[in-house]
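What follows is a single structure, written as structure tokens, with notes after it.
The values are calculated or read from the model by the stated rules, or taken from the named source; none is laboratory data. Since this is a predicted model, take the numbers as computed values, not measurements. Positions of Cβ are backbone-derived with ideal geometry, glycine not excepted, and every protein chain shown enters the neighbour counts. Just so you know, the surface numbers come from the protein's heavy atoms only, side chains and all, with ligands and any DNA or RNA stripped out. Shrake-Rupley method; radii C 1.70, N 1.55, O 1.52, S 1.80 Å.
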Amino acid sequence: EAGVVQSPRYKIIEKKQPVAFWCNPISGHNTLYWYRQNLGQGPELLIRYENEEAVDDSQLPKDRFSAERLKGVDSTLKIQPAELGDSAVYLCASSPPSTGGKTEAFFGQGTRLTVV
Amino acid sequence: AQSVAQPEDQVNVAEGNPLTVKCTYSVSGNPYLFWYVQYPNRGLQFLLKYITGDNLVKGSYGFEAEFNKSQTSFHLKKPSALVSDSALYFCAVRGGSSASKIIFGSGTRLSIRP
């Protein structure tokens, strides 16, 4: 079974430029998460999808960040314009349908973003 | 509000000795608790979880964790450490609701010396 696939693995951009990250979750997983992990810290949730609906985007900086999951499968996270402080690893995760949130999340390898 | 704390930034253990990585949590209702491991330049890998039942949970690579409701803790343990266990370990918690999100601790770097 293929795991969560993210691309690109690494991205270096100049500040004020746009950037996009792509995630393909595990087949059959209806829940998709985007996390941001700063160096030496734990992942912080940016947005959570149940199918194509964003059910928790309270931590997403909506002035510059946007996300979509149009068909309830793949997802894209975009930053426009990027700032120096956006340098981090962006992790995508997915989990299968469950009752009461008992399932763990499965993570991709992440995209390491460097803004210069 | 949910929260999880990992009080130790780093734990150093000699190979062959037992190890413990500490985690405490705060949630409303029954907690669902998870441990993940992260190797350099890799995503997080799931180790084990506590949902209900026995307080001692066994997981991958010989790791186990003990749920203690009165102390609101979920410490990760292994009887005999290996050098290959050296990595970054994250504790995570979700309140007992499908509507709640998974919150991660700040991580503990485990270093096993030969």
Odd one out for A:His29 among (1) surrounded by 13 or more Cβ atoms within 10 Å (Cβ to Cβ); (2) closer than 28 Å to B:Thr52 by Cβ; (3) within 13 Å of chain B (Cβ to nearest Cβ): (3)
Checking A:Gly42, A:Gly72 in turn, the sole residue that is at positive phi, open to solvent by less than 40 Å² (accessible area, probe 1.4 Å) and of a type outside the set (A, V, I, L, M) turns out to be A:Gly72
Cβ pairs under 6 Å, 6+ apart or interchain, first in the range A:70-90 and under 14 Å from A:Arg36 (Cβ atoms), second hydroxyl-bearing (Ser, Thr, Tyr), ordered by first then second residue, are A:Lys78/A:Ser66; A:Ser87/A:Thr114; A:Tyr90/A:Thr111
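Out of the residues in the range B:16-67 that are of a type in the set (D, E, K, R) and part of a strand (DSSP E or B), which is nearest to B:Arg113 (Cα to Cα)? Please lay out each step first, then the result.
Here is the first cut: in the range B:16-67, the residues of a type in the set (D, E, K, R) are B:22, B:42, B:49, B:54, B:58, B:64, B:66.
Filter again for part of a strand (DSSP E or B), leaving B:49, B:58, B:64, B:66.
Working: B:Lys49: 27, B:Lys58: 24, B:Glu64: 21, B:Glu66: 25 Å.
Looking at the filtered set, the residue picked out is B:Glu64.
Among what's in the range A:50-104 and is closer than 19 Å to B:Tyr32 by Cβ and in a strand (DSSP E or B), pick the residue that is farthest from the other protein chains (Cβ to nearest Cβ).
The first filter runs over the range A:50-104 and keeps only residues closer than 19 Å to B:Tyr32 by Cβ, leaving A:50, A:55-56, A:93-104.
Among the residues that remain, those that are also in a strand (DSSP E or B) are: A:50, A:55-56, A:93-95.
Numbers: A:Glu50: 9, A:Val55: 7, A:Asp56: 6, A:Ala93: 8, A:Ser94: 12, A:Ser95: 9 Å.
Among them, the one singled out is A:Ser94.
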Residues that are open to solvent by less than 20 Å² (accessible area, probe 1.4 Å), among the β-branched types (Val, Ile, Thr), in contact with a Lys or Arg (Cβ under 9 Å, 6 or more places away or on another chain) and within 24 Å of B:Val93 (Cβ to Cβ): does the range A:92-103 have at least one? no
How about the range A:14-49: which of its residues are within 26 Å of A:Ser98 (Cα to Cα) and part of a loop (DSSP other than H, G, I, E, B)? A:Pro25, A:Ile26, A:Ser27, A:Gly28, A:His29, A:Asn30, A:Gly42, A:Pro43
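Tell me the residue from B:Leu47, B:Leu19, B:Leu56 that is without any contact (Cβ under 8 Å) to a residue 60 or more places away in the chain and either crowded, with 16+ Cβ neighbours inside 10 Å or at the interface with another protein chain (Cβ under 10 Å from one of its Cβ atoms) (or both), please. Give the steps one after another, and end with the answer.
Details: B:Leu19 fails: without any contact (Cβ under 8 Å) to a residue 60 or more places away in the chain; B:Leu56 fails: either crowded, with 16+ Cβ neighbours inside 10 Å or at the interface with another protein chain (Cβ under 10 Å from one of its Cβ atoms) (or both).
Matching residue, one of B:Leu47, B:Leu19, B:Leu56: B:Leu47.
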Within the range B:88-114, the residues that are more than 14 Å from chain A (Cβ to nearest Cβ) and under 15 Å from B:Val11 (Cβ atoms) are B:Leu110, B:Ser111, B:Ile112, B:Arg113
When you scan the range B:79-94, do you find a residue that is among the acidic types (Asp, Glu), surrounded by fewer than 19 Cβ atoms within 10 Å (Cβ to Cβ), farther than 23 Å from A:Ile47 by Cα and under 16 Å from the mean Cα position of the chain (by Cα), even just one? no
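Only one of B:Gln2, B:Gln6 is under 13 Å from the mean Cα position of the chain (by Cα) and surrounded by 14 or more Cβ atoms within 10 Å (Cβ to Cβ). Can you tell me which? Let's see the steps before the verdict.
Working: B:Gln2 fails: under 13 Å from the mean Cα position of the chain (by Cα).
Result of the check over B:Gln2, B:Gln6: B:Gln6.
Please find, within the range B:30-44, the residue that is surrounded by the fewest Cβ atoms within 10 Å (Cβ to Cβ) out of those that are in contact with a strand residue (DSSP E or B) (Cβ under 6 Å, 6 or more places away or on another chain) and more than 10 Å from chain A (Cβ to nearest Cβ).
Here is the first cut: in the range B:30-44, the ones in contact with a strand residue (DSSP E or B) (Cβ under 6 Å, 6 or more places away or on another chain) are B:31-39, B:43-44.
Retained after the next criterion (residues that are more than 10 Å from chain A (Cβ to nearest Cβ)): B:31, B:33, B:37, B:39.
Working: B:Pro31: 22, B:Leu33: 22, B:Val37: 21, B:Tyr39: 12.
Per the criteria, the residue is B:Tyr39.
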Suppose we keep only residues that are over 11 Å from the mean Cα position of the chain (by Cα) and closer than 23 Å to A:Ala93 by Cβ within the range B:59-77. Which one would you say is nearest to the other protein chains (Cβ to nearest Cβ)? B:Ser60
Determine which single condition A:Tyr10 fails, assuming it passes every other condition in (1) at pLDDT 95 or above; (2) surrounded by 15 or more Cβ atoms within 10 Å (Cβ to Cβ); (3) within 14 Å of another protein chain (Cβ to nearest Cβ). (2)
